[in-house]
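The values are calculated or read from the model by the stated rules, or taken from the named source; none is laboratory data. What you see is a predicted model, and the numbers here were worked out from it, not measured in a lab. Neighbour counts are summed over all protein chains in view; Cβ atoms, including those assigned to glycine, are modelled from backbone coordinates with ideal geometry. To get the accessible areas, we keep the full protein, side chains included, count just its heavy atoms, and leave off ligands, DNA and RNA. Shrake-Rupley method; radii C 1.70, N 1.55, O 1.52, S 1.80 Å.
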Amino acid sequence: MFSLHGHKALVVGIANEHSIAWGCAEALKAQGADLAITWLNDKAEGYVRPLAEELGAEIMMPLDVAQPGQLEAVFAEITRKWGRLDTVLHSIAFAPREDLHGRVVDCSAEGFGLAMDISVHSFLRMIRLAEPLMPDGGCCLSVSFFGSSRVVRHYNMMGPVKAALESAVRYAAAELGEKGIRVHALSPGPLKTRAASGIDHFDELLAAASDRAPTHQLASIEDVGAMAAFLASPEARNLTGGVHDIDGGFSITA
């Protein structure tokens, strides 16, 4: 069994106990990692802080990547307290509702730009800030969805956005591989999360995924967390640039 004892991990994107990021935080902690956990704003703090305290997070801070300076402040605190970082888990995405619920060809330039900034470029910014804290290598993880490469009804604008995220993962992996910094995307099938509730007819997608998947089971946040913890471990040191499907085989079906 692999161990993350002594590893330092930043987890971004917990909204509540149903979040993918929460499943990842639990798994990282179970393998021995020390955690830094963030929440979006004052409203979210009431939900996230108790969860962070439950896992004994050593750093707990607000982080809205759309607010100038907040991401830099988080990394400054990590530098001050730990002086290094082994793992980054980025599980945030956003699109304005009016753009998400419309046709891709009708989305606004402003909405598309905002979705790309929060869902994709923020991950690149995190990697850039993490790089000097990973002199002995590390692992940077984000979360995608198979709507990046397949047309999924009602996923709309987030399809192209997730495609850009996956491409960014590959390029970052190529650029940082010689430093031992691995970059991956976790791609679970449909999951009941707060973020997914913004997608029209999501219950229909859940039912279809469960029916079509060879295992006839939806992935859980624990499943995603298990993959995240493994990829962050030394045993996965020669894996990078992957988009890892965690969906009971749903993505292989026609």
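What to note about this one:
- All lysines inside 16 Å of LYS8 as judged from Cα atoms, apart from same-chain residues fewer than 8 positions distant: LYS29, LYS81
- With 5 Å bins beginning at zero, the pair-distance distribution over Cα atoms of the range 49-159 amounts to 2, 11, 17, 20, 17, 12, 10, 8, 3, 0 %.
- Accessible-area order (highest first, 1.4 angstrom probe) of the listed residues HIS244, HIS184: HIS244, HIS184
- Radius of gyration over Kirkwood radius for the range 1-43, both on Cα atoms: the Rg/Rh ratio is 1.02.
- Ligands, DNA and RNA are left out, and with a 1.4 angstrom probe the accessible area of the range 1-160 is 45 Å² per residue.
- Enclosing the Cα atoms of the chain in their convex hull gives a volume equal to 121 cubic angstrom per residue.
- Helix 158-176 axis, angle to the chain major axis (alpha carbon atoms, nearest 10°): 30 degrees
- Where trypsin sites (Lys or Arg not before Pro) fall in DSSP loop in the range 97-201, at most 16 other Cβ within 10 Å: ARG103, ARG150, ARG153, LYS192, ARG194
- Remark: the range 1-83 is approximated by an ellipsoid whose semi-axes, taken from the C-alpha gyration tensor as √(5λ), come to 20, 16, 10 Å, largest first.
- Charged-residue dipole, Cβ positions (Lys, Arg, Asp, Glu), the chain about Cα centre, Debye nearest 20: 380 debye
- Length released on extending from ASP64 to ARG80, taking residue separation times 0.36 nm less the Cα-Cα span: 3.7 nm
- Accessible carbon and sulfur surface of the range 48-158 relative to its total accessible area, %, 1.4 Å: 54 percent
- 0 to 90° range, to nearest 10: angle between helix 42-54 axis and the chain longest Cα axis: 60 degrees
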